[in-house]
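Worksheet: the structure to be examined is printed underneath.
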Amino acid sequence: MVNIVQFGVGNVGNELVNQVGELNSAEIRYVSIGNSKISKIDIRGLDLGGGDFQNLAAPGTTADWSKVFDKVGDLDNVVMVDVTAQDWIEPHLEALSRGWKIVLANKKPLVKEWSVSKVLFNNNDVRFEATVGAGLPIIQTLKGIIESGDEVKEINGAFSGTLGYITTELHEGKSFSEALASAIKKGYTEPNPLDDLDGMDVARKALILSRLIGREENMEDLKVNGLVNRRKYENLETREFIKISKDLDGEFKVKVKDVEDSNKVLKFVAHIGKKTLINLSSIEAKSSLGQLKGVNNLAEITTSHYSDDPLVISGPGAGKEVTANGVLRDILSFVQ
Ligand SMILES: NC(=O)c1ccc[n+]([C@@H]2O[C@H](COP(=O)([O-])OP(=O)(O)OC[C@H]3O[C@@H](n4cnc5c(N)ncnc54)[C@H](OP(=O)(O)O)[C@@H]3O)[C@@H](O)[C@H]2O)c1
């Protein structure tokens, strides 16, 4: 049986509690759960269905991770679950030193300087499937390929639902500003759409994959060209940026026409090969990546064995249900 210490009860964290509840397994027990303000801890086991979770605001609890760790003490078979978006790694280092396992949906601890984050890679006590492609089995597949002695030559992938949606809409005849407005309306973008358009979220995912396949890269080693140049718009309010996004319509119209004339399509792609490149690319329309539509993610993995036809993994790459399910599968992998 595993004892869960969960940090984060937002979209993914909440859904994870529901899925663990539905699974109703005697092999998984919550001992701590918390958000940025408060934690609920009981090392004899929390009854999340019975109100402990709903009463998260009850007094006498703490959100400070080190106090949570102290209260959990020397309990065996602990799995720390990080479903926050915190830029931290200290709790993870402490968890490992206590012999705990770790499951992450949070990318941030994995993309610090290599010297800091490396302890989380090639470590049997750490799982992070949901950090790339949400619930898609991309990381598990790559690990299996490497463990079997096959060699990963390159990975090409579309790992942003928002940018996938915008590029699909461009080829459906929408202007850039219309495609952006529609992505915002559907709730696909971050509150500030530049956080999607600058390509950095894709870069974090690419760095995780690159490190996973053995490259000791840092963020500054990656070549990242966002869909738009963030620096140009950095000082604008989100509202103002959306208004002037019309100025980019002409530029994107030309790009779309150019690639369509040669039977290609635009995709925002992470390429992990000799170098790691993240940019808007022209892709053969008939390829798997070229046929990808909307918010779905896709990874094309070329290995020594999958050399002529790459191995392709594709499907929804965001959303609380599939993400929480990826986290749950990682937790279950620790159940003895
Ligand atoms: N949503 C998706 O489709 C998806 C897909 C793949 C990966 N992810 C990743 O999954 C993670 C969670 O995403 P989300 O959508 O669930 O985010 P969210 O709704 O913003 O939830 C974040 C949670 O983390 C909590 N938190 C923040 N700082 C904390 C701290 N110091 N200690 C404990 N809890 C803390 C927040 O508490 P407060 O409410 O008190 O601030 C909140 O409960 C992110 O890293 C995201 O990138 C999400």
Ranked by Cβ crowding within 10 angstrom, fewest neighbours first, how are Thr61, Thr131 ordered?
Thr61, Thr131
Alpha-carbon centroids, region 169-218 and region 219-298: separation in whole Å
8 Å
Express in nm, to one decimal, how much length is gained between Asp258 and Glu237 on full extension, taking 0.36 nm for each residue of separation and deducting their alpha carbon distance.
4.4 nm
What does the net charge come to around Thr131 if you take all other residues with beta carbon closer than 9 Å to its beta carbon, with K and R at +1 and D and E at -1?
+2
Quick one: which of Lys255/Lys320; Lys246/Lys286; Lys232/Lys267 span more than 27 angstrom between C-alpha atoms?
Lys255/Lys320; Lys246/Lys286
What does the charge add up to near Glu190, with Lys and Arg as +1, Asp and Glu as -1, over the other residues with Cβ less than 9 Å from its Cβ?
-3
Magnitude of the Cβ-charge dipole (Lys and Arg +1, Asp and Glu -1) of region 152-316 about the Cα centre, nearest 20 debye, reported as 40 debye
Fewest Cβ neighbours within 10 Å first, please rank Trp100, Trp114 accordingly.
Trp114, Trp100
Of the options Thr61, Asn122, Asn296, report the single residue whose Cα projects farthest towards the positive end of the charge dipole of the chain (beta-carbon charges: Lys, Arg +1; Asp, Glu -1).
Asn296
How much length is gained on full extension from Glu217 to Val335, taking 0.36 nm per residue of separation minus their Cα-Cα distance?
39.3 nm
Mean-square fluctuation maximum in Gaussian network of the chain, Cα pairs under 10 Å, restricted to Leu280, Leu136, Leu236, hits Leu236
Give the relative contact order (percent, whole number) for the chain; include only Cα pairs under 8 Å separated by 6+ residues.
21 percent
Treating the beta-carbon of each Lys and Arg as +1 and of each Asp and Glu as -1, no other charges, what is the dipole magnitude of the chain about its Cα centre, to the nearest 20 debye?
380 debye
Report the rotationally averaged projected area of region 201-277 based on its alpha-carbon convex hull, in square nanometres.
6.6 nm²
Test of understanding: in a Gaussian network model of the chain with alpha carbons linked when under 10 Å, which of Glu15, Glu27, Glu129 would top the mean-square fluctuation ranking?
Glu27
Out of Ser148, Gly161, Ala179 - ranked by how far each Cα lies towards the positive end of the dipole of region 92-214, with unit charges on the beta-carbon of charged residues - the top one is Ser148
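To make sure I understand, if each residue's beta carbon is the centre and we count other beta carbons within 10 Å, what order do His171, His305 fall in, fewest to most? All intermediate terms of the calculation are to be shown ahead of the outcome.
On the way: His171 16, His305 11.
Listed from fewest to most nearby Cβ atoms, that is His305, His171.
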Pairs of Lys in region 1-138 closer than 18 Å at Cα, counting only those 8 or more apart or on different chains:
8
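Throughout, read-outs are computed from the coordinates displayed, never taken from laboratory work. Bear in mind the structure is a predicted one, so any value in this text is a computation, not a measurement. Counting neighbours? That spans all protein chains shown, and the Cβs are built from the backbone with ideal geometry, glycine included.
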